[in-house]
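Contents: one structure, followed by commentary.
What follows is calculated from the coordinates using simple rules that are stated; it is not laboratory data. This structure is a prediction, so every number in the text was calculated from the model and none was measured. We place every Cβ from the backbone using ideal geometry, glycine too, and count neighbours over all the protein chains shown.
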Ligand code: NAP
C-alpha cells in the first residue's frame, strides 16, 4: 500500500474529482479528512464509503475561502487524526461570464474559492509540515489556467494563479522536504455530468488526441503519484492531464 497510515486532507471531496481522490487514497491505506461547505447526506455517504475501505474518515463543514474556517479545519484534523502528511487542494467553483458582462462579485467569488483557498490551506498546514520536516501538497489547477477559455477569465486567472503560487511555494518549502505539485486536468467527466450533449462529443473527436474525456480516477491516480513516495523527487511540476489537448 502506497499511503498506509498516512493522513490526507482533501478539500471538496463530497463529490466529483475530490471524492475519487479520497476513495483512491483510502484504497492505499490513507486516512481521510475531507470537507465540503456544509454537512450533507452526500458528505455522510462519502464518509461511509471510505470507512468501508477500512480507513478512518471524517467530513467537515468548511469554507476554504475563509481564513478562520481553514485554520479550524486543520486544527480539527490534527485533534481527530493525530498527524498530517498530505494536503490536496481540490475544492473549486466556476461562475462564468464574458469579461464585458462579468460582475465584480463573480470575479471575487471565483478568485476567493479557487485561488485564495489554496493560499489559506497551505498557510494552515505549513507550521505542522515545517516542524515535522515533510509533507506533500497537490493543487488542482486546470488546462484553462494554461490555455485560457472565453467566458472563464476569472476561473482561468485563478487556475493560472495556482501555478504561480506553486512555483513560489516550492522555493520556500523545499528545504524542509515539503513538496508541492500541480495537476491540471482537461475535460473530466464526473458522475454528476449526466448525459453528454452531441456537440461535446464532436469537440473530443477534433480537439483531444485520445478522443475521449478523462475520468476522476485518472486525476486521482496522478495525485497519488505526487502524494506518495513514488513522486519523492518531484516538486514544482505542472502535470497536464488532458489527453493531449492542443492548447493545454
Ligand atoms: P464539483 O463536482 O463541483 O465539486 C466541487 C467540490 O468542492 C465539492 O465537494 C464542493 O463541496 C467543494 N467546494 C466548493 N467550494 C467550496 C468551499 N468554498 N469550501 C469547501 N468546499 C468547497 O467539481 P469537480 O468537477 O469535481 O472539480 C474539482 C476540482 O477540479 C475543481 O478545483 C475544478 O476546478 C477542477 N477541475 C475540474 C475539471 C472538470 O472537468 N470537472 C477540469 C479541470 C479542473 P459542496 O458543494 O459539498 O460544498
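Remarks
- One quarter of the surface of the convex hull around the alpha-carbon atoms of region 104-149 equals 4.0 nm², the direction-averaged projected area.
- Spread of Cα-to-Cα distances over 5 Å intervals beginning at zero, given as percent, for region 42-153: 2, 10, 16, 19, 18, 14, 10, 6, 3, 1, 0
- Ordering of 112-122, 55-65, 233-243 by burial proxy (mean other Cβ atoms within 10 Å per residue, highest first): 112-122, 55-65, 233-243
- Gyration tensor analysis over the Cα atoms of region 101-248 returns equivalent ellipsoid semi-axes of 29, 20, 12 Å (largest first, whole Å).
- Taking 16 Å as the cut-off, the amide N atoms of region 142-163 that come nearer than this to a point 7 Å along the Cα-to-beta-carbon line of residue 98 belong to 149-154.
- Hull-based mean projected area of the chain, where the convex hull spans the alpha carbons, in square nanometres: 13.2 nm²
- A simple spin-label model places the labels of residue 199 and residue 149 1.5 nm from each other, with each point 7 Å out along Cα-to-Cβ.
- FRET efficiency for the residue 56 to residue 172 pair, using the beta carbon distance and R₀ = 30 Å, is estimated at 0.45.
- Residue separation of residue 233 and residue 211 scaled by 0.36 nm, minus their Cα-Cα distance, works out to 4.7 nm of gained length.
- On Cα atoms only, tilt of 67-81 relative to the major axis of the chain in degrees: 50 degrees
- Rounded to 10°, Cα long-axis angle of helix 16-27 versus longest principal axis of the chain: 40 degrees
- Restricting the calculation to Cα atoms, region 1-69 yields a radius of gyration followed by a Dmax of 11.3, 34 Å.
- Acute angle (nearest 10 degrees) that the helix 41-51 long axis makes with the longest principal axis of the chain, alpha-carbon atoms: 60 degrees
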